[in-house]
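Working notes, structure below.
The values are calculated or read from the model by the stated rules, or taken from the named source; none is laboratory data. Bear in mind the structure is a predicted one, so any value in this text is a computation, not a measurement. Cβ sites come from the backbone with ideal geometry, for glycine too, and all protein chains shown count toward neighbours. Each accessible area value is taken on the protein alone, full model and side chains, heavy atoms only, with ligands, DNA and RNA left out. Shrake-Rupley method; radii C 1.70, N 1.55, O 1.52, S 1.80 Å.
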Amino acid sequence: MQQSASMMRLAFGALAQRQQMGQQAARMFAAAAEPLRKAGPVPDGHLNSDLSPTVCHIGLGRRRDLTLRQDLCLWQNDKKLSLADVFRGQKVILVGFPGGPVCVEKHIPGYIAQADKLATMGVDKVVCVTVDAPAAVAELAGRPTLQHKGVELLADKNGGLVRLLGLEIGTPEGGPGPKCQRYAAVVEDGVLLKLRVESAPADLKVTDCKSMIELWKCIYPHSCK
């Protein structure tokens, strides 16, 4: 009986010692973290993130370097471009469009109208991409209303980029209807920083030029003064 009591005292003593050590560790952690709390607010790049299910299910909580996929390419008429050719060393707004009147009458023209302003904000170029044959995209790019030196229209010929982003709709190749979601992203030196996706391909609520300018200001606040 006396031995049991002694063992219980030892057990309670060890438990108290662990609790005391835990409290000391918590105080040390709090003291170390205090300078970080005083360092400033949440980084600008984390503001205004799109937390909609459409984006979150894609797994873009981490940044990804698109140029690591050397097997993927985009097409400018008959010219084959690697993702490194398109994005490396530049700050780019990537615009994915599914095709149709909204794209050619509102979405892309919206970026063309603001292309000069975007350039003053540090946007090297706007890259508009759709899943289609290179010749069809080249014909589209030849329209006077869709031409500007700061805006490029490229073909995601085999849908490789849209599958990488997880934004394909699943329409069989060559079938009717859109083959990708409508999306827009900020890409710096090949790294995808922020992505916006419309709830439906026909919508134009979060990927329009005005919305992307606001997102750009959150990521690069000092370049927009």
Check your understanding: Restricting attention to segment 176-185, which residues are among the hydrophobic types (A, V, I, L, M, F, W, C) and out of contact with any helix residue (DSSP H, G or I) (no Cβ under 6 Å at 6 or more places or on another chain)?
Key -> A185
Check your understanding: Which members of segment 199-217 meet the condition of being more than 16 Å from E105 (Cβ to Cβ), of a type outside the set (S, T, N, Q) and open to solvent by less than 30 Å² (accessible area, probe 1.4 Å)?
Key -> M212, I213, L215, W216
Point to revise | Residue tally, condition among the basic types (K, R), in contact (Cβ under 8 Å) with a residue 24 or more places away in the chain and closer than 20 Å to G190 by Cβ, over segment 73-117 | key: 2
Review point. Is it the case that some residue within segment 89-97 is under 27 Å from S199 (Cα atoms) and open to solvent by 20 Å² or more (accessible area, probe 1.4 Å)?
Key: yes
Exercise for review: Would you be able to say whether some residue in segment 118-128 is open to solvent by less than 10 Å² (accessible area, probe 1.4 Å), touching a residue at least 24 places away in the same chain (Cβ under 8 Å) and in contact with a Cys (Cβ under 6 Å, 6 or more places away or on another chain)?
Suggested key: no
Exercise for review: State the number of residues belonging to segment 79-88 that are open to solvent by 10 Å² or more (accessible area, probe 1.4 Å) and either touching a Gly at 6+ places or on another chain (Cβ under 9 Å) or part of a helix (DSSP H, G or I) (or both).
Suggested key: 3
Study note, to complete from the structure: Among the residues of segment 79-93, the number that are in contact with a helix residue (DSSP H, G or I) (Cβ under 8 Å, 6 or more places away or on another chain) and either at pLDDT below 95 or of a type outside the set (V, I, T) (or both) is 5
**Study point:** Condition met for L60 (modelled with pLDDT of 95 or more and not in a helix (DSSP H, G or I))
**Key:** no
